[in-house]
1. Could you go through the stretch 110-128 and let me know if any residue there is within 21 Å of Thr69 (Cβ to Cβ) and at pLDDT below 95.
2. May I ask you to list the residues in the stretch 574-589 that are closer than 21 Å to Asn456 by Cβ and out of contact with any Asp or Glu (no Cβ under 9 Å at 6 or more places or on another chain)?
3. Looking at Thr125, Thr116, which one is under 18 Å from Phe160 (Cβ atoms), open to solvent by 10 Å² or more (accessible area, probe 1.4 Å) and outside any strand (DSSP E or B)?
4. Just for strands (runs of 3 or more DSSP E) wholly inside the stretch 130-206: which have at least 3 residues that are of a type in the set (A, V, I, L, M)?
5. Quick one: in the stretch 556-569, of everything that is within 16 Å of ligand 6 (Cβ to nearest atom) and over 13 Å from Val457 (Cα atoms), which residue is surrounded by the most Cβ atoms within 10 Å (Cβ to Cβ)?
6. Looking only at the stretch 14-31, count every residue that is farther than 16 Å from Leu359 by Cβ and either open to solvent by 60 Å² or more (accessible area, probe 1.4 Å) or out of contact with any Phe, Trp or Tyr (no Cβ under 8 Å at 6 or more places or on another chain) (or both) and tell me the total.
7. Kindly indicate which of Ser477, Ser419, Ser446 is of a type in the set (Ser, Thr, Tyr), over 20 Å from Ala541 (Cα atoms) and either open to solvent by less than 10 Å² (accessible area, probe 1.4 Å) or more than 16 Å from ligand 4 (Cβ to nearest atom) (or both).
8. Quick check on this structure: which one of Thr404, Thr450 is in a loop (DSSP other than H, G, I, E, B), touching a residue at least 40 places away in the same chain (Cβ under 8 Å) and away from ligand 3 (no atom under 16 Å from the Cβ)?
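The values are calculated or read from the model by the stated rules, or taken from the named source; none is laboratory data. Here the structure is a predicted model, which is why all the values come from computation and not from measurement. Positions of Cβ are generated from backbone atoms using ideal geometry, with glycine treated the same way; all protein chains shown enter the neighbour counts. Areas reflect the complete protein model, heavy atoms only, side chains present, ligands, DNA and RNA absent. Shrake-Rupley method; radii C 1.70, N 1.55, O 1.52, S 1.80 Å.
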Amino acid sequence: MSLLGSIVSGLLGIIGSLTQQQTNGASVWGTLQAPVFPQFLTNNPLPAGFPWGTLTAAGSNPYTSAPNTGVTRNYDFTVTRGTIAPDGYQVSVLLVNGAFPGPQIEANWGDTIQVTVHNQITGPTEGTTFHWHGMLQKGTEYADGVPAVSQCPIAPGSSFTYTFKASLYGTSWYHSHYSAQYSGGLLGPMIIHGPHENFNYDIDLGPVFLQDWYHTPYLQIVEEVMKSNGNPRPNSDNNLINGKMDFNCSTKAAGDNTPCNSNAGLSRFKFTTGKTHRLRLINAGSAGLQRFSIDGHNMTVIANDYVPVQPYTTQVVTLGIGQRTDVLVTANAGTSTSAFWMRSNISTLCSEANQPNALAAIYYTNADTSKAPTSQAWNIPDPGTCANDDLSLTVPMFPLNAATPSSTQNLDINYYVNSTGSFLWTLGGVSFRADYNAPVLLQAESGNLTFDPEANVQNFGTNSTVRIVVNNPTPASHPMHIHGHNMQILHEGSGNWDGTSIVNPSNPQRRDTQLVRANGHFVMQYSLDNPGIWPFHCHIAWHVSGGLYANMMELPGQIKTETNLPSIMSQTCTNWMKYTNSNEPDQYDSGV
Ligand SMILES: *[C@@H]1O[C@H](CO)[C@@H](O)[C@H](O)[C@H]1NC(C)=O
Ligand SMILES: *[C@@H]1O[C@H](CO)[C@@H](O)[C@H](O)[C@H]1NC(C)=O
Ligand SMILES: *[C@@H]1O[C@H](CO)[C@@H](O)[C@H](O)[C@H]1NC(C)=O
Ligand SMILES: *[C@@H]1O[C@H](CO)[C@@H](O)[C@H](O)[C@H]1NC(C)=O
Ligand SMILES: *[C@@H]1O[C@H](CO)[C@@H](O)[C@H](O)[C@H]1NC(C)=O
Ligand SMILES: *[C@@H]1O[C@H](CO)[C@@H](O)[C@H](O)[C@H]1NC(C)=O
Ligand SMILES: [Cu+2]
């Protein structure tokens, strides 16, 4: 019998035989004790917590109208190693405040977020940096958290405080951007409250992390995927929802003596019968393309990444790594004692997975929360296109037309094996490799715009709008993510772009991460309104490790005046230099 079958027939209990501390450390995500949102926000200066006043999702340009609330939300993150067993198989991981997934960051649109990260990683030590996925970081690129780009890594034993504005609102996550470190556990949700007149809901259930999971330590995987005779697309071992799933320990490799318990326990969610719930879906995995569904229920999509969209109904949400989709689900598919499976399937046509199907349980108001649901899955075959929903379906609430670009550039994806036998991915013909001791932002601020070729800096100068055509003649799909902007997604499909077709040119989909199909293309553009050097990269951990990354430089003449580097930036480099003088880190990969 399959693992899935045995769970459904009740052989494995839904409540695990390991404690929450043993599976997820200090985290409460996935338990019935998880917080619901909006929860109490401390020192909120404005009544009812609506500091955006009369601003609306449909009527206010999100890129120019964020309020300044004057409120700062403070967080303190201590990063350490820990031993947990999210799916019952014991692993050594990295943890934020002892929790996997990490604690939430929560703020109102226009607040200032301040996070102090203490690097307490020991045995062995590692550097780290934290990135706030999707935040625009206008004037604060030094807080973007990409090593070798916006800062030197935080040396072991040191701390670094990130201060930035909650410039957009909706659902996102934070994660380490140091090598593939986030695959080893360093991630958590980031929820920004803002206008939501395009929908109504009763209960905000918060983040639903979807995450392919690997039992091999991330550094070992990175070392393997970089070998010419290695496997550039390693199989994941399991698929987690809010950090939990069961694993069949009998499938361990012969001779693997790692402690393993086949009954770790699943994530559980409460639905209030008859009420509408908001779920914030986040693909926080390393490589797996997720197809999310809830048995017996339709979902209404209300936002993709940080962009509210005109609501539409679906039974399956497709998410590439780094992407988020907010959905509303009404608990009207049964009686008050009903229970249903939540499912997230890794597309095995697009990703490599040993155990692709994640399960969690949803309980209506009076359901027995110790019993496994018995609901039937939607039967919606995977189209295998490795694509997001059709662009004609995803229409932003606030319309912005596709301006005529002042420059169009191709940045094609490819791969090769270099002369010393490393498997490398390229973007625009170059494979990126980081120099942790020389962040390009700091170099630009010093007035030197001549970059090392391996930094793959693409200079867009003073263009007003650039259009980027990404052709992907490789057999893998890639979730492409840009920092500092939302991209307007003009077109995506198989083969190369025809050079003219644009979907919904008066208001194309915008988001910060977009899937490009295997042997396909996507075309995007953005306005140069954020002087800086912004990463544009594949969000598959193993691909960006192989260099599938470019630095998009915009308005170089204004970087210095727009972004005043705080003195902590050079101190962080001094500390890192001091650390690396006596502890040369093994940099197998691109570094990001
Ligand atoms: C676990 O895996 C073993 C080995 O493949 C298989 O024989 C067994 O049926 C599986 N158990 C369950 C509960 O699926
Ligand atoms: C789900 O939505 C479809 C339309 O997309 C509709 O035909 C169907 O009745 C809905 N089902 C449920 C259970 O709400
Ligand atoms: C997810 O996988 C399960 C188990 O194989 C299957 O029954 C279900 O139809 C799949 N769901 C979707 C939406 O593909
Ligand atoms: C090949 O790539 C690896 C990994 O980036 C790098 O360490 C090595 O220096 C490269 N070889 C050459 C000749 O550039
Ligand atoms: C500018 O930076 C590049 C790349 O790090 C370096 O090779 C070059 O020497 C620097 N130029 C000056 C004038 O400092
Ligand atoms: C616009 O961008 C292109 C690269 O796509 C660059 O070659 C050109 O110099 C830029 N134009 C200006 C005015 O900066
Ligand atoms: Cu990729």
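1. yes
2. Gln587 - this is the single residue of the stretch 574-589 that is closer than 21 Å to Asn456 by Cβ and out of contact with any Asp or Glu (no Cβ under 9 Å at 6 or more places or on another chain).
3. Among Thr125, Thr116, only Thr125 is under 18 Å from Phe160 (Cβ atoms), open to solvent by 10 Å² or more (accessible area, probe 1.4 Å) and outside any strand (DSSP E or B).
4. Output list reads 187-193.
5. Ile559
6. Going through the stretch 14-31 one residue at a time, the tally reaches 8.
7. Checking each option against the conditions leaves just Ser446.
8. It is Thr404.
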